[in-house]
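Enquirer: First, the structure itself, so that you have it in front of you.
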Amino acid sequence: MASQKTNPSSMSVYDMAIRLLLLLALLWGVLYIVQPFLVPVLWAAILAIAIYPLHQRLQALLGGRQRLASTLITLLALTGLLVPVALGSLSTFESVSGQLAQLEQGTLEIAPPREKLRDWPLVGERIYSAWEALAADPRAYLKAHEETVRKTVHTAIAAAEGLLEGTLLFAVSLIIMGVFLPAAGRWSLIFERLAARLSGNAEMGRELLQISIDSIRSVANGVVGVAIIQGVAFGLVSWPMGVPYLALWAGLVMLLTILQLPALIVIGPVIAYVFAQTDGIQATVYAIIAVLIGMSDVVLKPMLLGKGVVIPMPVILIGALGGMFSMGLIGLFTGTVIVSLGYLLLRRWLDSQAEAVREV
């Protein structure tokens, strides 16, 4: 009986397939285990890249002490995040609980609307009627609109839970960022080697890594930075005018700016409220300043977005918006990096094809 011989080439294919399956299984297992930490770690890496130049300057001022510089930055960032959220939450809770207590006791007083509110186009009469009914008898008005009030309360509670969850997640990311910053040099070397390995070229690897870093910093300055400037400026200008729930409106201004939508969508109604409550030149001056703040991104964005990056600004903006719509807020950065790298590789490929044609 003739013995069957095994083809060595087929055995090598089987070995390669088994090794590949084992490698994929290992990678899947690693991703499955680290999945709960993936988002905060990714946020920490993005924050560390964006803040690293500030860390370097602070480190130089502190005599080269990396850990002290990263600790100070982390503590300042945590304070800037947690203190406003805590104060805003406490103020909102006290205000709402006090109004609910007055509503139960029948002592809640709401100022009636001014007559000039009727003159607003389209919605003036409707807003005036609803406001007048609410001011006349708050309990009766709320009871008549019980279903709407219930839905509004549930929406507010869900938004508050989301805010708390997001705040805690971001706080964890800031702490991890503080761990990343002192070891930024080692992490940069690791990712540079990884990029070189994936691209097959050390020079290309360094270029890909630098484009990723520059893209993240560009979005941090040109999108998030501009949004923070507009939101804070609007809050500071509106605070003396006694605008209620100011933190909410300032946050919405930031969100609209990040979404590349006009901030005047929020600023306009606030201006209308100020005109309804305040007479004279004060409201006019406030309206002019608020409108200028709402339109300031037209000037600030071209100055900051894409600055120092070889990738064109429209490409960065498309990556940021597309990434945010597909992956959420973190997609602002990951989407920008992906689209920027894709644009760079496509341009390199086209350039190489053009050189090959010229050589022929």
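The values are calculated or read from the model by the stated rules, or taken from the named source; none is laboratory data. Since we're looking at a predicted model, the values are computed, not measured. With ideal geometry, Cβ positions are generated from the backbone for all residues, glycine too; neighbour counts draw on all protein chains shown.
Enquirer: Have a look at V315, V270, V274 and point out the one that is surrounded by 14 or more Cβ atoms within 10 Å (Cβ to Cβ) and closer than 22 Å to L341 by Cα.
Expert: V315
Enquirer: Looking at region 267-275, can you tell me whether even one residue there is part of a helix (DSSP H, G or I) and in contact with a Leu (Cβ under 7 Å, 6 or more places away or on another chain)?
Expert: For region 267-275, residues part of a helix (DSSP H, G or I) and in contact with a Leu (Cβ under 7 Å, 6 or more places away or on another chain): absent.
Enquirer: Among all residue pairs at least 6 apart or on different chains, which show Cβ distances below 7 Å where the first residue, located in region 123-146, is free of Cβ contacts under 8 Å to residues at least 12 places away in the same chain and under 23 Å from A272 (Cα atoms) and the second is part of a helix (DSSP H, G or I) and among the basic types (K, R)?
Expert: Close Cβ pairs (under 7 Å, with a partner that is part of a helix (DSSP H, G or I) and among the basic types (K, R)) amount to G124/R118; E125/R118.
Enquirer: Is there any pair with a first residue in region 159-170 that is closer than 17 Å to T92 by Cβ and a second that is of a type outside the set (D, E) and part of a helix (DSSP H, G or I) whose Cβ atoms are under 8 Å apart and which are 6 or more apart or on different chains, and what are they?
Expert: Hits for this filter: A160/S89; L163/V85; T167/L81; T167/L82; T167/V85.
Enquirer: Oh, and also: Going through V39, V30, V96, V34 one at a time, which residue ends up being at pLDDT 75 or above, under 30 Å from V153 (Cα atoms) and in a helix (DSSP H, G or I)?
Expert: Selected residue: V39, the only one of V39, V30, V96, V34 that is at pLDDT 75 or above, under 30 Å from V153 (Cα atoms) and in a helix (DSSP H, G or I).
Enquirer: Look through I51, I73 and report the one residue that is touching a Gly at 6+ places or on another chain (Cβ under 8 Å), over 25 Å from W249 (Cα atoms) and at pLDDT 75 or above.
Expert: Answer to the selection: I73.
Enquirer: Let me ask something else about it. Please enumerate the residues belonging to region 180-198 that are in contact (Cβ under 8 Å) with a residue 24 or more places away in the chain and of a type in the set (A, V, I, L, M).
Expert: L181, A184
Enquirer: Does E165 satisfy being in a helix (DSSP H, G or I), acidic (D, E) and surrounded by 12 or more Cβ atoms within 10 Å (Cβ to Cβ)?
Expert: Here the answer is no, as E165 does not meet what is asked.
Enquirer: Here's a follow-up. State the number of residues belonging to region 318-350 that are buried (at least 20 other Cβ atoms within 10 Å of the Cβ) and either assigned to a loop (DSSP other than H, G, I, E, B) or of a type in the set (G, A, S) (or both).
Expert: Of the residues in that region, 5 qualify.
Enquirer: Does at least one position in region 281-294 carry a residue that is in contact with a Lys or Arg (Cβ under 7 Å, 6 or more places away or on another chain) and either in contact (Cβ under 8 Å) with a residue 24 or more places away in the chain or not assigned by TED's automatic domain parsing to the domain that holds V85 (or both)?
Expert: Checking region 281-294: not a single residue is in contact with a Lys or Arg (Cβ under 7 Å, 6 or more places away or on another chain) and either in contact (Cβ under 8 Å) with a residue 24 or more places away in the chain or not assigned by TED's automatic domain parsing to the domain that holds V85 (or both).
Enquirer: Name the single residue that is farthest from G335 (Cα to Cα) among those in region 249-266 being assigned to a helix (DSSP H, G or I) and touching a residue at least 40 places away in the same chain (Cβ under 8 Å).
Expert: Ranking the qualifying residues of region 249-266, first place goes to V253.
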